[in-house]
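The values are calculated or read from the model by the stated rules, or taken from the named source; none is laboratory data. These numbers were taken from a predicted model, which means no experiment stands behind them. Please note: Cβ atoms are built from the backbone with ideal geometry, for glycine as well, and neighbour counts cover all protein chains shown. The accessibility values were calculated without ligands, DNA or RNA, using every heavy atom of the protein model including side chains. Shrake-Rupley method; radii C 1.70, N 1.55, O 1.52, S 1.80 Å.
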Amino acid sequence: MTEPVSEATVVSLDEHRAARTETPTIILDKPNAPAEEGAGVDVVDLPGNPLADWLTLPDTPVLPVWARSPKSIRENIAAFGRLAWWHTRYHSVRTPKYLFKTVLLAARGFYRAVVGLWPTLSAREQSATVKALRAQSKLRPEDIDLAARHQAAYAERTRTRKWRFGIAAVGVAAAATGIMLANPLLQAAIAGAVTIPLAHLGRGEETRLLDQAAPPIRVDMSAQQLNDALRAAGLLKSGSGKDEKDLPRVSCTMGPVRDGRGWSVIFDMPRGGGKTASDVLAKREVIAQELGVDEIQVIMSRVRAVNGGNAGRVSMWVSDDDPYLGTPNPSPLEKAERFSIWEPVPFGQDARGTRINVPVMWQSMFFGGLPRRGKTFSQRLLTAAGLLDSHVRHYVADGKGGADWMPMKAVAHRLVMGAEDDAIDALKTMLAELLAEMERRFALLRDLPTSVCPEGKLTPEIVARYNLPVIFVTIDELQEYFTAMEREDREQVINDLCRIARRGPAAGFISNFASQRPDADSVPTKLREIITIRYSTQVVDRASSDMVLGKGKAAQGADASVLSEEHKGVGVLVTGPASYVTVRADYLDGPTFAQLCRKGRTLREAAGQLTGDAAGDVTAAADAAGVTVPPIVSDVLEVMRHSPRMFTTDLLAGLVNIDEDTYGDFNAEALASALEAAGVKRTSKQVKISGSNGAGYQRRDIEAAVPAEILLSAGR
């Protein structure tokens, strides 16, 4: 049975969470383990047991929920103190209003007292009775005489009461005069002693002395507030003249209770109303408005059967304030020396501060959202985990060609920067290489005995034994490639990416794609729909959110359009048809990412796994050797990564794309001067590309400015 919780109960769940684990962690693809067979069977309650009633323990706990730990007691006292302090301030500022209302109620009470006493001090009631009796001719004369005698006797008694009343009135007047001359403190006490009873007599059902107001959610939350919010949202039937006690209400199986920096409640929708948990999730914005908070503060989800839920059970957490603002959380990878990509990758924290880990093996991932909302930073977290595993081989392509992924030149087996013609050719070559490697691996895995490869897919043992590193494919700004390609090339690249995302996981391929608003023109549906893990930062509307996270996800509550401009690095993470969570991704800035790339290069050199472009990269080799290469030389080599020669205009555009602040004002003369100062000697100032001659540079001239020992170590 579920323990009933009163509306006024305030409980902290921090202690319960701490009892489970010191650092709460959510791994988003592992469901709860099923209960053991036979668990929960009470042999005492078996039919035919004559002692069942005596031996069955009551459901009532020894201690209430809020008193089961010192920390919970402290939080309850703090919550009660906040509530008391709020009411104190609320009513203190209304004290003049309450005094004025008290005087009015006392005046009404005095009037009611006089009106009520006057019939007692006169014979008016008996006179009316006699007149009524005389009007009835059928009454006997003796009845009329009896009534008259009663009236005369009442008048005699009242005559003495009138005298006493007069004497009392004189005494009250004398007392009032004396009070006026008394000490002010005594005057106030006497005035209160007289006014309060009169105000009580003057009250009415429609009149309240004190104003009634609900404290804000950060101070208190009650079951009544929840019911009112659901009723306003149309999820519970309204009054229609019925008594409030007869209205349908939700059944709270837990709470509302204090949970960290907010309130938790688990409730069941009443049966007979036709409303389900999905209906509640769809009304998140209205419920938040009725509770007086922003919808970003309301975290709701269904409670599934595996956790004891049903189709009408909802778990809700209402934060005191925006839970996604504040100082960013540094990534645990920043201080890690090694990491196994077979383990879930630390990705971020949810609204309650619970760590979110994302398993990437056997998965494909897609990141979307508006520019400058932390999309690339979030995508880099998963790739960064692979940097610290020497048996991970990276293939990286960045359609923007900026500085975000440039540090990967120290590690990446293949690195494609930009979406120019030569970069597009390099991307197609990279995809062809990946497909050939995938087919080679499948052929190898098919030939392995079941004792080595029981499930027909890669394992850590196979990786080490057959030198088959995990392939991490990272492509950022997909839309840049698709919009720059011809139709035939575009269809071919899309088909290649679909094959890698669909079949690659079994061969140890991890796909990590990203794009801005992925409409049908930028990223086709057939590619997006086969991605298993999706993450979206802020988007403009619910339709855009569904494009990234999947059709119908916004109606289920996974809506990235509710995020604001301040929520940088915050997004909605979807890991399955009914699994989603809003995550504040860990922070991993550019310099730290570059440091991880250098660390990854060192690990691969020690393990003999430095291959491909990284092994022949001149600037990366210089960094590893501690040799300083002029930044202009390093940046020019990066722009010319896929070209043996390049026109000056194209080279300048590429440099601006890498670092606009540094190269935004560069022209041909400034570029030539900077390269000459860095030791570059041009063998020719003209280059020929695709039959056209123009001013430009040869890559071999730029590489010649790098120390010879670095070129030798890079295999040049």
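General observations
- Flag if Gly552 is in contact with an Asp or Glu (Cβ under 9 Å, 6 or more places away or on another chain) and either surrounded by fewer than 23 Cβ atoms within 10 Å (Cβ to Cβ) or among the basic types (Lys, Arg) (or both): yes
- Any hit, segment 556-573, residues being among the β-branched types (Val, Ile, Thr) and part of a strand (DSSP E or B): yes
- Selected residue [at pLDDT 90 or above and open to solvent by 30 Å² or more (accessible area, probe 1.4 Å)] from Lys275, Lys242, Lys237: Lys275
- Selected residue [in contact (Cβ under 8 Å) with a residue 12 or more places away in the chain, open to solvent by less than 30 Å² (accessible area, probe 1.4 Å) and not aromatic (Phe, Trp, Tyr)] from Val540, Val574: Val574
- For segment 181-207, a residue qualifies if it is open to solvent by 90 Å² or more (accessible area, probe 1.4 Å) and modelled with pLDDT under 70, and the qualifying residues are Leu181, Glu205, Glu206.
- The number of residues in segment 253-272 that are surrounded by fewer than 18 Cβ atoms within 10 Å (Cβ to Cβ) and either closer than 26 Å to Ala554 by Cβ or within 17 Å of the chain's Cα centre (by Cα) (or both) comes to 1.
- Against the list (1) assigned to a loop (DSSP other than H, G, I, E, B); (2) of a type outside the set (Lys, Arg); (3) open to solvent by 20 Å² or more (accessible area, probe 1.4 Å), the condition Ser390 fails is (3).
- Only helices (runs of 4 or more DSSP H) whose full extent lies in segment 213-327 are considered here, and the ones with at least 1 residues that are β-branched (Val, Ile, Thr) and farther than 30 Å from Val93 by Cα are 277-282, 284-291.
- Across segment 579-591, the qualifying residues are those that are touching a strand residue (DSSP E or B) at 6+ places or on another chain (Cβ under 7 Å) and open to solvent by 40 Å² or more (accessible area, probe 1.4 Å), and the one among them that is nearest to Lys375 (Cα to Cα) is Tyr587.
- Test set (1) open to solvent by 10 Å² or more (accessible area, probe 1.4 Å); (2) over 32 Å from the mean Cα position of the chain (by Cα); (3) more than 30 Å from Val540 (Cβ to Cβ); (4) not hydroxyl-bearing (Ser, Thr, Tyr) - Pro469 fails condition number: (1)
- Scanning segment 552-580 for residues that are in contact with a Pro (Cβ under 7 Å, 6 or more places away or on another chain) and under 15 Å from Val298 (Cβ atoms) yields a total of 0.
- The C-beta contact set for segment 330-341 (first residue under 15 Å from Arg601 (Cα atoms), second residue surrounded by 13 or more Cβ atoms within 10 Å (Cβ to Cβ), distance under 6 angstrom, 6+ apart or interchain) comprises Ala336/Leu388; Arg338/Leu388; Phe339/Ala385; Phe339/Leu388; Phe339/Asp389.
- Test for Ala443: is it over 16 Å from Val473 (Cα atoms) and either touching a strand residue (DSSP E or B) at 6+ places or on another chain (Cβ under 6 Å) or loosely packed, with under 13 Cβ neighbours inside 10 Å (or both): yes
- Meets criteria (of a type in the set (Asp, Glu) and either buried (at least 18 other Cβ atoms within 10 Å of the Cβ) or assigned to a loop (DSSP other than H, G, I, E, B) (or both)) for Asp489: no
- Residue count for segment 399-410, restricted to those that are part of a loop (DSSP other than H, G, I, E, B) and over 34 Å from the mean Cα position of the chain (by Cα): 0
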